[in-house]
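Some notes on the structure that comes next.
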2 protein chains.
Amino acid sequence: MCGTENKTPASGLPAVSGETWPTTPSPDAVLNLDVGDPTMYEAYWKGAGDRCSLVISGSELMSYISNPGSTCWFLEPELDKSIRRIHDLVGNAVAEDGRHIVVGTGSTQLLQAALYALCPPGLPKPTSVVCAAPYYSCYQEVTELLQSNLYKWEGDAHNFDKDGPFVEIVTSPNNPDGLVREAVVNCPNGKLVHDLAYYWPHYTPITRQADYDIMLFTFSKCSGHAGSRIGWAIVKDKEVAVKMTKFMEVTTIGVSKESQLRAAKILGTICDDCQAFNANTKSESFFDHAKRLMTERWDKLHEVIKRSEIFSLAKFPRDYCLFSAEFFETHPAFAWLKCNNKVKDSEGLLRGHKILTRSGNRFGADRTYVRVSMLSGEEVFNLFLERLSTIKIGIGNGNDTSHIN
Amino acid sequence: MCGTENKTPASGLPAVSGETWPTTPSPDAVLNLDVGDPTMYEAYWKGAGDRCSLVISGSELMSYISNPGSTCWFLEPELDKSIRRIHDLVGNAVAEDGRHIVVGTGSTQLLQAALYALCPPGLPKPTSVVCAAPYYSCYQEVTELLQSNLYKWEGDAHNFDKDGPFVEIVTSPNNPDGLVREAVVNCPNGKLVHDLAYYWPHYTPITRQADYDIMLFTFSKCSGHAGSRIGWAIVKDKEVAVKMTKFMEVTTIGVSKESQLRAAKILGTICDDCQAFNANTKSESFFDHAKRLMTERWDKLHEVIKRSEIFSLAKFPRDYCLFSAEFFETHPAFAWLKCNNKVKDSEGLLRGHKILTRSGNRFGADRTYVRVSMLSGEEVFNLFLERLSTIKIGIGNGNDTSHIN
């Protein structure tokens, strides 16, 4: 995986050539749907106008330190406030005052911080790290990157049967397949990290207020501001929060303050709008807008898949969302496409049509699966559907036969 | 070192109690001069007015990707341009077009990226990492944090005599002692990382344009914007730059874009001003201002030290600065104070006077030394001098005897 760095980096970011990331794609452009870059939300934020603009003078935010009295001393108080407020409003996670918020450079850094906090030195063997397959490909990459003696990637949690201490990462809704999940290892030596990046009401019904020991969230997938690299953890145990903060302190001496302030402002605006629009429903709040877009995209994709002889999708559950007070079906940030068993390499098949996706084998699954981002810009998404609907395989048509079993 | 996390974290950031980080300190406040928080430059940037203000709309900077055609795909083109421009203007490092710029969440993250790039997996033993003592305390902490099998901290480069591959970190001017340095290990298996965080004309004369394989710089110490967490590496070899980028991609999926844009703007303003003020010398450029402040502070400190029976300072060289076209003496960002041999624990002695500093033993030196930040706010600095001048030791005065040998 790490050996592919020049062409398709670990996170699928970005292919080397500029042509793979056009703003307005030409009809024969390479479409990068490997990375989950949430540019689909740009139009909404353009419409939001000056309310979301942030002005920072030359003399602000100069110190390393944001809040010396807090467990996480580099967390801007305004961001702390916005994070607790949005969870309270949406009802997706318990983030009341007693819980500790730790901010990170994206939730990826916080996952590493959690592993550092949960995997002490001095044990006979490194602590095992597992996640039920299909799992987010970056977990393996980040766990293996520095060949740490503190922890070791052990792959699919379903197959884990060792006696020693372990950490299970639980992603819910799951990346890549969008399903709601619980921990699968039934063993007393484990600690859990819940990655709830997609537990927001534009992706999935909010069925209850999550209340786990360590819960990870990211600004990227909540509002679409991936470039800000802001994630946060909600942590029950103070000692764990202190160790996570320590990890961030040693590796990056905190988290960029400009981005923290911007996240505080955008999350605050989302809350303001939800509350205002609940009272006056003429306008569309961010979550309403994003849910409508996701629903439309998934409806279109289902139409194309229905006519396809090659691709299929799992059926998603329908559930009651406590936030939006209605029943709806999950519409995840990624489509987890399966090709029929004539295709041995789905990623290769799509690449042949200039659609870059991430192969199932990166997620501990097989190559008949691919993960496709549903969060691209509108034009890229439409081109994707157009191409997908034309893909046919069969001996004799001269196309795509290399991918057939 | 890592065991001290609750009270005095690795980087000395911050003591737990809010009282250790007052904006306007009371006369008996605890003064935190452990961390090199460069708040002394705030007043300059307040005076710079709107020219340095950054406005970011809600829809900007949403993508993970900044420049897909660049080796470092998450580097904002405007920051790339400002970095090359300021090095060209100051003449402190070769940063012409053929060199690769890699941006990091502070230069600390880039040091880890460099270690990842220079210490390949699959060797019989981890690659040794060394630095001549006294060395910046964070090198050891960051190298040891995850107990990596790729690299191992081996301490003082002067004592390194192994045959295997190694990385030597060369800090010049050095943190903590401010001296200009070259590599010390004389062995063919080594690779060098030059940390040039303090090679700017407010700290030291610019005597030549540095042109090393990997050079690290940080926005914190250049302009004083530590909260932005922006550092950069100038890298000669493309493969090394690709691997460093890969490290950043896996660990944080890039670097906060708001902070990159702000750094681009501030560095650009510094350049604009230098060029304008060279033509019209009525106003003071940032470097002139900062150099004047540092000179004044060092003059005051030398005065206090001259009268002290306890503390001493090494003499700094005087050299010709190609940038400012004059001779001057180095005035580093830290004072490396030595207590006379009656004191066994200088850090403890100063702590007794509510002055937090970093003990020499954290830098591979002995406890008679302490590192003291020279970059605090004006009031904190003046209180520090006031207290320093009153410190006396001696059997019978009832004070400080616990620190006497």
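Derivation of every value follows stated rules applied to the coordinates shown; laboratory data play no part. Owing to the predicted nature of the structure, the values given are computational and were not obtained by experimental measurement. No Cβ is skipped: glycine too gets one built from the backbone with ideal geometry, and neighbour counts run over all protein chains shown.
A few remarks follow.
- Taken one residue at a time, the phi angles of segment B:346-352 give Karplus couplings (6.51, -1.76, 1.60, θ = phi - 60°) of 5, 4, x, 4, 5, 4, x Hz. Gly and Pro are set to x.
- For chain A, alpha-carbon Rg relative to the globular expectation (2.2 N^0.38 Å, N residues): 0.99
- Pairwise centroid distance, computed over Cα atoms, of segment B:187-254 with segment B:325-373, Å: 26
- Considering only beta bridges that DSSP places wholly inside the protein assembly as shown, some 55 percent are antiparallel.
- Fraction of the pair-distance distribution of the protein assembly as shown above 50 Å, Cα-Cα pairs, percent: 17
- Under the criterion of Cα pairs below 8 Å and six or more residues apart, the relative contact order for segment A:64-274 equals 30 percent.
- Build a GNM of chain B with springs between Cα atoms under 10 Å apart, and of B:Ile230, B:Ile355, B:Ile65 the one that fluctuates most is B:Ile65.
- Hits among lysines - C-alpha to C-alpha of B:Lys342 under 25 Å, sequence gap 8 or more where chains match: B:Lys300, B:Lys306, B:Lys315, B:Lys354, B:Lys392
- Across the identical copies, the label point of A:Phe327 (7 Å from Cα in the Cβ direction) is separated from its matches by 8.8 nm, in order from shortest.
- Distances, shortest first, from the label point of B:Asn189 to those at the same position in the other copies read 3.6 nm; the point lies 7 Å along Cα to C-beta.
- Spatially proximal aspartates and glutamates relative to A:Lys152 (Cα-Cα < 18 Å; intrachain offsets below 8 disregarded): A:Glu141, A:Glu144, A:Asp161, A:Asp163, A:Glu168, B:Glu144
- Rounded to the nearest 20 debye, the dipole magnitude of the protein assembly as shown is 520 debye, with +1 charges on Lys and Arg beta carbons, -1 on Asp and Glu beta carbons, and the Cα centre as origin.
- Mean residue ellipticity at 222 nm, helices only, the protein assembly as shown: -9500 deg cm²/dmol; runs of at least 4 DSSP H residues each add -39,500 (n - 2.57), and the sum is divided by the number of residues.
- When A:Glu296 is represented by a point 7 angstrom out along its Cα-to-C-beta vector, the spacings to that point in the other copies are 6.0 nm, nearest first.
- Förster radius 60 Å - calculated FRET efficiency between B:Glu326 and B:Cys187 (Cβ-Cβ, nearest 0.05): 0.95
- Leading residue at positive end of dipole, the protein assembly as shown (Cβ point charges), from A:Thr143, A:Leu261, B:Tyr212: A:Thr143
- Peptide B:219-231 has a mean shielding of 5, counted as Cβ atoms of other protein chains within 10 Å of each residue's Cβ.
- Segment B:191-245: relative contact order in percent, alpha carbon pairs under 8 Å with at least 6 residues between: 31
- Take each residue in B:68-78, count the other chain C-beta atoms within 10 Å of its C-beta, and the mean is 3.
- Listed residue pairs exceeding 18 Å between alpha carbons, taken from B:Lys221/B:Lys265; B:Lys46/B:Lys265; A:Lys243/B:Lys246: A:Lys243/B:Lys246
- Comparing B:Tyr203, B:Gly231, B:Pro176 along the charge dipole axis of segment B:155-312, the residue lying farthest to the positive side is B:Gly231, per the Cβ-charge model.
- Projected label distance in nm at A:Asp50 and B:Asp213, using a 7 Å step from Cα toward the beta-carbon: 5.4
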